[in-house]
Structures are given as structure tokens and as C-alpha cells.
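Here, each number is a calculation from the coordinates, and none is a lab measurement. Please read all numbers here as calculations on a predicted model, not as lab measurements. Neighbour counts run over all protein chains shown; Cβ positions are idealised from the backbone, glycine included.
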Amino acid sequence: MQYFTIQATSHREALEKMKVQYGDTARILTHRNIRIGGFLGLFSHEGVEITGYLSKEPVRRKTVQLEEAKSRILDNVKKDQTLSKLLEEIQTLRKDMKLQNNTENKHHPSINEIEMLLKSNDFTEDFIKEAVNWLETNFSLEELANRDGLQNAILEWIGNKISIGNPILFNRDGNGKIVTIIGPTGVGKTTTIAKLAAIYGIGNSGIEPKNVRIVTIDYYRIGAEQQIKKYGEIMKIPVSSAETREDLKKILAIYRDTDLILIDTIGKSPKDYEKLGEMKNLLDVCGKQSDTFLALSATTKASDAEDIMRHFEPFNYRSVILTKLDETARIGNIISILSKKRKSVAYISDGQSVPQDFEKASVVRFLMNMDGFRVNRELLEEKFGKREASLKGIWS
Ligand SMILES: Nc1nc2c(ncn2[C@@H]2O[C@H](COP(=O)(O)OP(=O)(O)O)[C@@H](O)[C@H]2O)c(=O)[nH]1
Ligand SMILES: [Mg+2]
């Protein structure tokens with residue numbers, strides 16, 4: 001991008017100079033009054049300074065457009081068109097002019113570039129608007145011209161919008177820690193339960209194996225119970241199923257001395273309010289002891305994700321487990337909605353392998369996933385790595 005600065009004694013003269021030197025591609029960015037010439041402030045005179053840049057496309061003169069439109073209208077009239085046709089023409093012309101005014105030169109080209117990148121990463125319109133607004137109000141022209149710097153800045157801004165939730169924290173009072181995973185059908189709740197059971201039950205990444213039990217209330221779906229029982233068998237972790245509040249109460253009482261009770265839940269459609277109500281009633285037996293996570297697939301559309309979060313709100317889930325991260329290169333949709341709903345994400349799941357494809361969520365990991373950005377990993381590690389290291393939790 002080529003920038004220019006022009007000084008002149010009047011605004012009109014500055015514009016004329018600009019036209020002569022740069023023609024139709026010149027776009028003005030700033031305009032200010034200055035003092036020109038002189039020595040130590042003496043003999044100087046008033047003047048103006050304009051700055052701007054050269055656009056790739058020359059501005060199509062509006063007068064040319066108007067002329068074209070006028071002859072189009074006259075042609076139509078000549079052809080004996082009705083008055084309504086004429087009105088239609090005028091309206092289209094008006095719209096065209098408005099559209100052109102709206103898109104032309106609205107933002108600095110660097111901001112346009114960021115806007116496109118955010119769009120291609122599936123960030124929501126609201127989120128993008130906020131980002132553009134932030135760039136417009138906080139960056140000087142000079143800073144805007146530094147595109148790499150701007151990309152780092154916007155990534156950091158996005159990073160600050162991502163909230164990372166604590167992983168499972170074990171009670172110190174010896175009571176069984178209950179972890180419940182809720183969420184729509186097929187997002188990977190059962191797979192995640194198996195992963196957590198393996199990580200904590202078998203011991204992994206330097207963790208002492210813990211006493212783990214699995215409870216399933218996924219009895220509606222044929223085969224669902226077998227699925228988790230199979231995992232249990234392989235890992236030698238007992239699996240019980242609960243169909244009623246009484247069942248669940250009993251099971252929790254029996255397992256009160258275990259380190260971790262993982263509860264796998266029914267994956268009914270979030271729109272099936274009746275079933276959700278039943279499930280809530282059943283899970284209420286766990287009381288405040290339950291640490292509840294919402295499993296959400298990274299492939300979910302932003303509007304659907306928002307609906308899901310709303311429907312599961314009554315379960316008071318503490319944080320989100322983002323699943324199927326391996327199935328999409330774009331996560332702006334989820335980041336936008338998590339930020340809008342002020343919800344944190346504690347874990348990510350990025351594949352079907354138990355327990356490998358599972359880790360604590362991290363801002364750096366999310367930002368590294370961003371498509372089309374020239375990511376400076378070191379810089380991001382420095383900004384966010386330390387903060388994440390200080391997050392409590394035994395498993396890192
Ligand atoms: N690609 C991918 N598939 C997953 C992931 N987690 C689970 N799955 C698969 O998604 C399907 C549904 O998983 P399941 O755990 O039964 O979902 P649930 O209905 O929520 O319990 C299974 O085929 C899993 O192997 C993941 O992180 N990535
Ligand atoms: Mg399941």
C-alpha cells in the first residue's frame with residue numbers, strides 16, 4: 001500500500017495537488033491544519049496537510065454513473081415503458097449508490113483484511129463488529145499499516161475473550177467427586193467419559209491412578225449402555241446404570257468413598273424438554289457435589305450452539321468440553337458464542353481414540369487453530385502460556 005502526505009495553503013489546493021500527483025486512485029485518510037514554512041515560528045503561515053493512500057481501484061466517478069443511469073432511464077422512457085418501470089430504475093439506482101457508499105473506503109485496508117480472516121474462520125457478525133470497532137478505535141494509521149503486528153494484536157484480543165475453565169478439581173473432604181457430562185446426542189459424551197475414566201483410573205501423564213466408577217443414565221438408547229460397559233470392561237472400571245432417582249441415590253451412597261464418579265447421561269435432543277426435565281430431576285440427586293460439563297461439538301453452527309447452551313442452562317454446567325475439534329478447521333463460531341455467553345471451556349477432544357485424543361483446553365491451542373493467520377506461536381505462548389500454567393488442576 002502506498003501512502004502519501006500533501007501540504008498546501010488551502011484544502012482546495014491540497015486536493016488539486018493530490019489529483020495531479022496521484023489521480024483517481026488517491027483516498028484521503030486524515031486532514032489537519034498546520035503551520036508551513038518560516039524560521040523558529042517566524043514568517044510561517046497557515047496551511048493544511050492531508051494524508052492518504054492509493055487504492056488499487058480508481059473511484060468510478062459518481063457523475064459518470066449518474067450519466068449512465070440517466071441515459072438508461074431515457075432509453076426506457078423512449079421505449080414507452082410505464083412510469084412504474086421508471087420508478088423501479090430510480091430505486092435500484094439509489095440502492096446501488098447507497099451500497100457503494102457503504103462498502104467503499106469504509107475501513108482501512110488492513111482492517112478489511114482482518115475482517116475477511118475472521119469471516120473465513122466463522123466468527124459471528126457481532127463478534128466481528130466488536131473486533132473491527134476495537135481496531136478502529138485503538139490503532140493509529142502507522143500501526144494499521146503493520147499487518148503482522150495487527151494480526152498478532154487481534155489474535156491476542158481474541159485470546160483474551162476465551163475463558164479457560166479449571167479441569168476437574170478433587171474434593172479434599174474425601175467425598176466422591178461426581179462429574180457429570182451433559183449435551184446433545186452424538187457429540188461424544190460417552191467417549192469423553194471413557195477418556196476421563198482412562199486418564200484418571202488407569203493413570204496417565206504422571207497421575208496416580210484414582211479410584212473411578214462410571215454411572216450411566218443413558219438407558220434410552222439401545223446399545224448405549226453396552227458401549228460404556230465395554231469401555232469399563234477393558235479398563236476394569238465398574239459401570240452401573242441408574243434409571244430412577246432411587247437407583248442413583250443408592251449408587252452414590254455405595255460409591256461415596258471413591259475418588260471420582262463419572263456420570264454419562266442420556267443424549268436426547270436438546271429440544272426434547274420433557275426428557276431434559278426428567279434427566280434434571282434425576283441428576284438433582286447429586287446435589288451440589290456434581291461438577292457438570294456441557295459437551296459441545298466444535299462443528300456446531302453458532303446459532304445452534306447458542307440454543308444448546310440455553311437449553312442446558314438449567315443443569316448449571318460449570319464449563320464446556322469442546323469435542324470433535326479434529327473435524328473442523330474453523331472454530332470462530334464456538335469462540336464467538338462462548339464469549340457471548342461468558343462460558344469457559346475446560347477440555348478439548350480431537351478424535352475418537354481413548355484416551356489419547358483429549359487434553360485440557362488452552363488459548364494457545366485455539367489460536368493456533370486459526371485459519372489464514374500468520375500466527376506467532378512464541379508471542380502467544382508468552383501471553384497466554386503462563387496464565388494457563390497457573391490454572392489449578394492436577395493434570396497438565
Ligand atoms: N472425530 C471425532 N469423533 C468423536 C469425538 N468424540 C466422539 N466421537 C465420535 O462420535 C460418535 C458419538 O460419540 P458418543 O460418545 O457415543 O456420543 P454421545 O451420544 O454424546 O455419547 C462416536 O462415533 C465417537 O467415536 C471427537 O473428538 N472427534
Ligand atoms: Mg452416549
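State which entries of 360/383; 129/161; 189/275; 275/360 exceed 20 angstrom in Cα-Cα distance in the structure shown.
Where the Cα-Cα span goes over 20 Å, the pairs concerned are 275/360.
Can you work out the FRET efficiency for the pair residue 377 and residue 326, with r the C-beta to C-beta distance and R0 = 22 Å, to the nearest 0.05? Present the calculation step by step, with values, prior to reporting the outcome.
Numbers: r = 20 Å, r/R0 = 0.90.
Plugging the Cβ-Cβ distance into 1/(1 + (r/R0)^6) gives 0.65.
By count of other Cβ within 10 Å, fewest leading, how are 241, 319, 344 ordered?
Least to most surrounded, the residues fall as 344, 241, 319.
Just list whichever of 17/56; 195/288; 195/341; 177/230; 17/95 have alpha carbons separated by over 21 Å in the model shown.
Pairs exceeding the cut-off: 195/288; 195/341; 177/230; 17/95.
Extending each Cα 7 Å along its Cβ direction at residue 249 and residue 138, get the distance between those two points in nm, one decimal.
5.3 nm
Note down the Stokes-Einstein diffusion coefficient of region 3-54 in µm²/s, whole number, using a Kirkwood radius over alpha carbon pairs, 25 °C, and 0.890 mPa s.
Reported coefficient: 217 µm²/s.
How do 320, 187 rank when sorted from fewest to most other Cβ atoms within 10 Å of their own Cβ?
Ranked by crowding around the Cβ, least crowded first: 187, 320.
Taking R0 as 30 Å, what FRET efficiency do you get between residue 43 and residue 5 from their Cβ-Cβ distance, rounded to the nearest 0.05? Write out the running numbers ahead of the final one.
Values: r = 22 Å, r/R0 = 0.74.
Efficiency at R0 = 30 Å is approximately 0.85.
According to the Kirkwood expression over distinct Cα-Cα pairs, how big is the hydrodynamic radius of region 260-379, in Å?
Working: mean 1/r = 0.0640 Å⁻¹.
Its Kirkwood hydrodynamic radius stands at 15.6 Å.
Assuming a viscosity of 1.002 mPa s and a temperature of 20 °C, what translational diffusion coefficient in µm² per second does Stokes-Einstein assign to region 177-361, Rh being the Kirkwood radius over Cα pairs?
D = 130 µm²/s.
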